[in-house]
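The values are calculated or read from the model by the stated rules, or taken from the named source; none is laboratory data. Keep in mind the model is a prediction, meaning the values are calculated, not measured. When we count neighbours, we look across all protein chains shown, and the Cβ atoms used for this are built from the backbone with ideal geometry, even at glycine.
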There are 2 protein chains.
Amino acid sequence: MTGRAIAYLSGGVGGAKLALGLSRMLPAEDLCIIANTGDDFDHLGLRICPDIDTLVYTLSGKANLEQGWGRAGETDSFMTAMRELGGPDWFFLGDHDLAMHVERTRRLNAGVRLTDVTDHLATALGVGPRILPMTDEAAPTIIETTEGALAFQDYFVRLRAAPTVTGFILHGGAPVAPTAEVMAALDAPEMVIIGPSNPFISIDPILDLPGIRDRLRVLKQAGTPVVAVSPIVGGDAIKGPTAKMFRELGETPSVGAIAARYRDVVSHLVIDDVDSGDAARIAGSGIRVAVTATVMRSIEDRIALARTILGGA
Amino acid sequence: MTGRAIAYLSGGVGGAKLALGLSRMLPAEDLCIIANTGDDFDHLGLRICPDIDTLVYTLSGKANLEQGWGRAGETDSFMTAMRELGGPDWFFLGDHDLAMHVERTRRLNAGVRLTDVTDHLATALGVGPRILPMTDEAAPTIIETTEGALAFQDYFVRLRAAPTVTGFILHGGAPVAPTAEVMAALDAPEMVIIGPSNPFISIDPILDLPGIRDRLRVLKQAGTPVVAVSPIVGGDAIKGPTAKMFRELGETPSVGAIAARYRDVVSHLVIDDVDSGDAARIAGSGIRVAVTATVMRSIEDRIALARTILGGA
């Protein structure tokens, strides 16, 4: 990375929205996206990487923007036929999307690293910025609930995030290394940005890899802006179970709670206009606060938020 | 099998046409189809069984009858996306059809036998007669050509059957057992029918399994009709490389050549009206000959041929 190098930590839908905005503001070589792989899983013999795919589809202009995941103009012949055959149909796989999983799995099974497979697939679809899986190893997030420990997609898709969460086991409970590419992207960036993704299941899996939190602390202490965008707006999440998880874990979902979670690693927090009342208290805790419109409905919203972040820190 | 039990040996397209005719003439429990698996192969991590699938789609009314293989109303989103990703696109996989391969592979990888997987998939699609893979083991047909030995689908699909054939290695050159179900179907059938399939690459792989030729010889000697339908009509094949293979191996494709190949196992040969001039010579060699319309364009043609076979022997 050269010049205005930005390392951007991202989960899926919300993270991808800002990734798109950042990609419109920066030369491709100056943006490096570090993607959560804690949601990745094997299904029907295929390796599925939901957050990477959402980023690839979003940045290649192929995403279904209304739905947030999957591809625009997707067809469902495979799922229809799968149901006829009595096969598992709880996880939707569109016909175009299937090619991504089949080709990824084929390359992984041939011994190629997920980092290189992702480079190939993203480049094939015309994605400019590099999308780096946080690790090349399996690092499954396990959701601890009052109904027991659940594999992430069992919790998230099959059970529609209904069970009450009591905790998280990241990286399958075993030590997992970030890639050399991820560490290189965090070596001397001009800025680190943490996307408006779920802190528990999208960002913590990245931060809790060995060396990452320490790296961000050192960068912050050296004056490199480490900017988080709050996924909580007006006490709720734009999408997904972030606010529900806060409540189930006994915390009130708020920008203050986000600030508290990220206090050790971030220098700046971007919060929405509706939360401006909390700005002073957060600033008092030592985090610089930017107040702006953070809800990204249009492409213009995405670019405007990216511009604010890049210009303001 | 009970009553009018028929064991029917079949390859893909031509064999499936007659299978459909037979299925309209017989109670489902009286027809047992033994399918060639020599064309089966692994592609993109999926186990693909072309002849079984053609039989399943044909008997379930889902086949693309004009094309001969694949499903009617098929879509190609997967292949379109695969090409975008730079993945292998030489073997067409329709979106609906993919579900068959994915679900088959999933069940096989869980340790289920191909026989039982096929039962499940065929039953799910409403197929009545039992379709038995000739073996549960891998039994790949290798095509020896002047360009070297080729995996079947490399020869047949990727190279469009263009290379000059010099021989065949059946069952990957290793001993492979027919299933107990196949042997049971041939234990005491009322009749054995050999479909109008390619003798080299569709029927020989079945006949050359240990015990099958002997079994047919014994049945024939005991007076059980063993009826083959000639895939050669007027010196050519209706579809596929059968006639080309005869010529490349130094034989003239003719109903006489078919009779010679099957002499040891069949009691009856069904030939087309256009070949009636060859009937006397074949009959002179000890095979009973039925002359009828064998080209199956319509469903009525399929039923008429099935009726002739079942009534005439």
Worksheet item: When residue B:93 is evaluated against the numbered criteria (1) within 19 Å of the chain's Cα centre (by Cα); (2) surrounded by 21 or more Cβ atoms within 10 Å (Cβ to Cβ); (3) among the aliphatic types (A, V, I, L, M), which criterion, by number, is the only one it fails?
Response: (1)
Fill in: Hits in the stretch A:295-313 - residues which are more than 15 Å from residue A:68 (Cα to Cα) and assigned to a helix (DSSP H, G or I)
A:300, A:301, A:303, A:304, A:305, A:306, A:307, A:308, A:309, A:310, A:311, A:312
Worksheet entry | Selected residue [in contact with a Leu (Cβ under 9 Å, 6 or more places away or on another chain) and free of Cβ contacts under 8 Å to residues at least 60 places away in the same chain] from B:46, B:18 | B:46
Worksheet, complete the sentence: Among (1) more than 29 Å from residue A:148 (Cβ to Cβ); (2) in contact with a Pro (Cβ under 9 Å, 6 or more places away or on another chain); (3) touching a residue at least 40 places away in the same chain (Cβ under 8 Å), residue A:227 falls short only on (2)
Worksheet entry | Answer from A:54, A:80 - the residue that is touching a His at 6+ places or on another chain (Cβ under 9 Å), at pLDDT 95 or above and of a type in the set (Val, Ile, Thr) | A:80
Item to complete: Look through the stretch A:32-80, keep the residues that are in a helix (DSSP H, G or I) and within 13 Å of chain B (Cβ to nearest Cβ), and return whichever of them is farthest from residue B:94 (Cα to Cα).
Response: A:56
Worksheet item: For the stretch B:162-190, how many residues are surrounded by 15 or more Cβ atoms within 10 Å (Cβ to Cβ) and either acidic (Asp, Glu) or modelled with pLDDT under 95 (or both)?
Response: 2
Practice prompt. Output the residue which, of all residues in the stretch A:126-148 that are of a type in the set (Gly, Ala, Ser) and more than 14 Å from chain B (Cβ to nearest Cβ), is nearest to residue A:163 (Cα to Cα).
Written response: A:148
Worksheet, complete the sentence: Only one of (1) in contact (Cβ under 8 Å) with a residue 60 or more places away in the chain; (2) assigned to a helix (DSSP H, G or I); (3) more than 8 Å from chain A (Cβ to nearest Cβ); (4) of a type in the set (Ser, Thr, Tyr) does not apply to residue B:105, and that is (3)
Fill in: Meets criteria (without any contact (Cβ under 8 Å) to a residue 24 or more places away in the chain and farther than 22 Å from residue A:13 by Cβ) for residue A:284
yes
Worksheet item: Given the structure, is residue A:184 over 20 Å from the mean Cα position of the chain (by Cα), among the aliphatic types (A, V, I, L, M) and under 17 Å from residue A:8 (Cα atoms)?
Response: no
Worksheet item: When the stretch A:181-205 is examined, which residues are found to be closer than 20 Å to residue A:28 by Cα and either of a type in the set (Phe, Trp, Tyr) or in a helix (DSSP H, G or I) (or both)?
Response: A:181, A:182, A:183, A:184, A:185
Fill in: Any chance residue B:20 is under 21 Å from the mean Cα position of the chain (by Cα), away from chain A (no Cβ under 14 Å), surrounded by fewer than 24 Cβ atoms within 10 Å (Cβ to Cβ) and assigned to a helix (DSSP H, G or I)
yes
Practice prompt. Working only within the stretch A:81-97, note down all residues that are facing chain B (nearest Cβ under 7 Å) and either more than 17 Å from residue B:81 (Cα to Cα) or in contact (Cβ under 8 Å) with a residue 40 or more places away in the chain (or both).
Written response: A:81, A:82, A:84, A:85, A:86, A:87
Worksheet, complete the sentence: Of (1) touching a residue at least 40 places away in the same chain (Cβ under 8 Å); (2) surrounded by fewer than 24 Cβ atoms within 10 Å (Cβ to Cβ); (3) touching a strand residue (DSSP E or B) at 6+ places or on another chain (Cβ under 9 Å); (4) within 14 Å of another protein chain (Cβ to nearest Cβ), residue B:26 fails just (4)
Worksheet item: Of the residues that make up the stretch B:109-125, is at least one of a type in the set (Lys, Arg), more than 10 Å from chain A (Cβ to nearest Cβ) and under 15 Å from the mean Cα position of the chain (by Cα)?
Response: no
